[in-house]
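As structure tokens, the structure follows; a few thoughts come after it.
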Amino acid sequence: MKPLLAEIERLSPVEQYGTVAAVRGLMVELEGPLTSLSLGSRVVVPGARDVPVPCEVVGFRENRALAMPFAAIEGLRMGAPAKFDSAEPIMHPSPAWLGRVVNAMGEPIDGKGPIAQGGMPYALKGTPLPAHDRARVGERIDLGVRALNAFATTCRGQRMGIFAGSGVGKSVLLSMLARYSSADVSVIGLIGERGREVQEFIEDDLGEEGLARSVVVVATSDESALMRRQAAYLTMTLSEYFRDHGLDALCLMDSLTRFATAQREIGLSGGEPPTTRGYTPTVFSELPRLLERAGPGRVGSGSITGLFTVLVEGDDHNEPVADAVRSILDGHIVMERAIAERGRYPAINVLKSVSRTMPHCQSDEEFALVRRARELMSAHTDMEELIRIGAYRRGADPLVDEAIRLMPDFDAFLSQSKGEATPLADGFGMLDGILNTAQPPEAADVEMEDGHAGQ
């Protein structure tokens, strides 16, 4: 039997092929033994100069399979052979992925050579843990950014959204979180990022210290919709690997909006009807499937603390993707252009930011400090226009008087450079110092007479 078994092992596996029947835009229509294909199956077609181009089956129409390419399909010929490659790809993460930069296929793009693979297989489109198998969110996590630590305190396994327009400082905030958080590892997904900004983010913002305990997954804006979508899946898959090995992973994704845009392109190409603002129904079904993969693991395992940026179109925080994401996550952090234009970074509006684990994750003393600070900042915001034009007179409202006196200190507290880290306890200590430091009466009189308070 041994010679027979050896001969069987030398036999080549059966390969199945179809043919290219049509190309409509970015959609490749295939004919052949389609019963061996399923949604998510991989197909390889020859592109320019017969370079293999991987495709993914995204649908079926009549007697044809609809596939989208991961790369350019220039040079594809009618009737070209299409090799039915495999079902959904499997990744084999390992600790060797830390400190590396990879593309959506898991291939290294940092010039440091191949990455050692692990033994346990992980599906790219993993399913979220059942609700009854999950642990509760853990203790609070130190993010290193005092505005978030105090006003949007986050717990291990919590999922937060960072909502902002373009150019408001999302990427710098993400780099601060990756460098200064108390998480064991960081998995950073740059989805649809500008190509020139990738190296700037890795070298200038993240730095060697941040990269050493991070994995960076990159799919730039010029890559196909499938690559951008798969980069988000890979980011979550790597986070699940570290979670399953007992580590607290910080999953940072920039941005969910580009993931939704990629899914919209795929859905429209496959014939889905457009709904709100052109987004297809699968966009709003894929978002929770992706986001629910983050969170606490099983009891005794690690966790995935997720912070996902949402690029709000035209600074409209109620556009469809932002509204859908906000309903799924455990809180939201709002960054505003007006604050950035005043030169205060990170440009976080703490009055509009909410963490749904508060106040249970704070002590009574800490919550009292945050509540008092919010009350004063809200009073100043309500009267801000009158204060700026000099129409407000001291003594009209004691709460507003105190808010005017403390606003410069609040602005200094909320402002933080990207090279500065503030531990969780120190942030509350600084806030306590602001609220419980009395000012001499004569100093207050001078401040109000100058007419510059609160500006």
task: Kindly provide the set of residues from the range 355-378 that are under 30 Å from SER285 (Cα atoms) and open to solvent by 60 Å² or more (accessible area, probe 1.4 Å), ordered by number.
output: ARG356
field: Filtered residues of the range 1-26 (kept if closer than 30 Å to PRO46 by Cβ, open to solvent by less than 90 Å² (accessible area, probe 1.4 Å) and modelled with pLDDT under 90)
entry: GLN16, GLY25
query: Do any strands (runs of 3 or more DSSP E) entirely within the range 64-115 hold 3 or more residues that are among the aliphatic types (A, V, I, L, M), and if so, which?
result: 64-69
field: 1 or more residues modelled with pLDDT under 95, small (Gly, Ala, Ser) and open to solvent by less than 20 Å² (accessible area, probe 1.4 Å): qualifying helices (runs of 4 or more DSSP H) within the range 157-253
entry: 170-180, 207-212, 225-244
Of all residues in the range 323-338 being free of Cβ contacts under 8 Å to residues at least 12 places away in the same chain and over 20 Å from GLY295 (Cβ atoms), the one that is least open to solvent (accessible area, probe 1.4 Å): ALA338
message: So for the range 25-44 (the condition being touching a residue at least 60 places away in the same chain (Cβ under 8 Å), hydrophobic (A, V, I, L, M, F, W, C) and assigned to a strand (DSSP E or B)), does at least one residue qualify?
response: yes
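With respect to SER214, determine if the residue is in contact (Cβ under 8 Å) with a residue 40 or more places away in the chain, assigned by the TED database to the domain that holds LEU98 and closer than 26 Å to PRO89 by Cα. Steps first, answer last, please.
Details: in contact (Cβ under 8 Å) with a residue 40 or more places away in the chain: yes; assigned by the TED database to the domain that holds LEU98: yes; closer than 26 Å to PRO89 by Cα: yes.
Yes; evaluated as a whole, the condition is true for this residue.
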message: Quick test for you: out of SER269, SER239, pick the one residue that is closer than 21 Å to ILE90 by Cα and of a type in the set (Ser, Thr, Tyr).
response: SER239
- request: Could you tell me which numbered condition GLY144 fails, if it satisfies all but one of (1) farther than 26 Å from PRO288 by Cβ; (2) open to solvent by less than 10 Å² (accessible area, probe 1.4 Å); (3) not in a loop (DSSP other than H, G, I, E, B)?
  value: (3)
- line: Residue pairs qualifying under the 9 Å Cβ cut-off, at least six apart or on distinct chains, with the first in the range 310-322 being at pLDDT 85 or above and the second being aliphatic (A, V, I, L, M) and open to solvent by 10 Å² or more (accessible area, probe 1.4 Å), are VAL321/LEU311; ALA322/LEU311
query: Among the candidates ARG344, ARG289, ARG258, which residue alone is outside any helix (DSSP H, G or I) and either surrounded by 15 or more Cβ atoms within 10 Å (Cβ to Cβ) or within 13 Å of the chain's Cα centre (by Cα) (or both)?
result: ARG344
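Out of ALA373, ALA391, ALA403, ALA379, which single residue is free of Cβ contacts under 8 Å to residues at least 12 places away in the same chain and either farther than 29 Å from CYS155 by Cβ or not assigned by the TED database to the domain that holds ASN149 (or both)?
Among ALA373, ALA391, ALA403, ALA379, only ALA391 is free of Cβ contacts under 8 Å to residues at least 12 places away in the same chain and either farther than 29 Å from CYS155 by Cβ or not assigned by the TED database to the domain that holds ASN149 (or both).
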message: So CYS55 ticks every box in (1) assigned by the TED database to the domain that holds ALA231; (2) modelled with pLDDT under 95 but one. Which box is left unticked?
response: (1)
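The values are calculated or read from the model by the stated rules, or taken from the named source; none is laboratory data. Quantities reported herein were computed from a predicted structural model and do not represent experimental measurements. No Cβ is skipped: glycine too gets one built from the backbone with ideal geometry, and neighbour counts run over all protein chains shown. Areas reflect the complete protein model, heavy atoms only, side chains present, ligands, DNA and RNA absent. Shrake-Rupley method; radii C 1.70, N 1.55, O 1.52, S 1.80 Å.
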